[in-house]
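Below: one structure, written as structure tokens.
Values in this text are rule-based calculations from the coordinates and carry no lab data. Remember, predicted model here, so these are calculated numbers, not experimental data. All Cβ positions, even for glycine, are placed from backbone atoms using ideal geometry, and neighbour counts span all protein chains on display.
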Amino acid sequence: LNPDRIKSFLSIIKEENKRMNKQVERILQMSLLEKKDFQLLKSQTNVNQLVVKVVDRMKLLAQQNGGAIITYLDESIPEIQIDEVHFTNVIHNLIDNAIKYSKKSIVYMCLTELILTYLPTKSKAHHQ
């Protein structure tokens, strides 16, 4: 492995570690939800940037499964108020499931008008 690839892997591990820590925190907060003492931590967020971060972390997994992730992001989507952790987890889980259940396929992800669409196909296209 070359140094750039090692750096890339370390960066992915670091980001996933942060995400997992946030997951644990959210699980604890979910117990508060059951007690009706739960609040989303909403902030003004660029959804496209969040999606790009998740896709960047998931590309290696897709490649290891013989596929790729291709994104189509509508740059005109404004920043919106969302809970970044929950939204990131949703995107991560959708992509993860698309990779798991569509062996050796391309995962197409389209974000337009805040509608996320995952279209697993059997075709092999060029990796993006």
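Which shape class applies to the range 24-92: rounded if a/c is under 1.5, otherwise prolate when a/b exceeds b/c and oblate if not, where a ≥ b ≥ c are the square roots of the Cα gyration tensor eigenvalues?
Verdict is oblate for the range 24-92.
Quick check: pseudo-label points 7 Å beyond the Cα along Cα→Cβ at Glu79 and Gln63, how many nm apart are they?
3.2 nm
Rounded, prolate or oblate: pick one for the range 36-75, where a ≥ b ≥ c are the square roots of the eigenvalues of its C-alpha gyration tensor, a/c under 1.5 means rounded, and failing that, prolate if a/b is larger than b/c, else oblate.
oblate
Give me the extension gain from His86 to Glu16: residue separation times 0.36 nm, minus the current Cα-Cα distance, reported in nm with one decimal.
Length difference between fully extended and current span is 23.8 nm.
Are there trypsin sites (Lys or Arg not before Pro) in the range 2-78 that DSSP marks as loop and that have at most 16 other Cβ atoms within 10 Å, and which are they?
The qualifying sites are Lys35, Lys36.
Can you give the FRET efficiency for Arg5 and Thr71, using 1/(1 + (r/R0)^6), R0 = 25 Å, r = Cβ-Cβ distance, to the nearest 0.05?
With a Förster radius of 25 Å, E is 0.70.
Apply 1/(1 + (r/R0)^6) to the Cβ-Cβ distance of Gln44 and Tyr101, taking R0 = 35 Å, and write down the FRET efficiency to the nearest 0.05.
0.55
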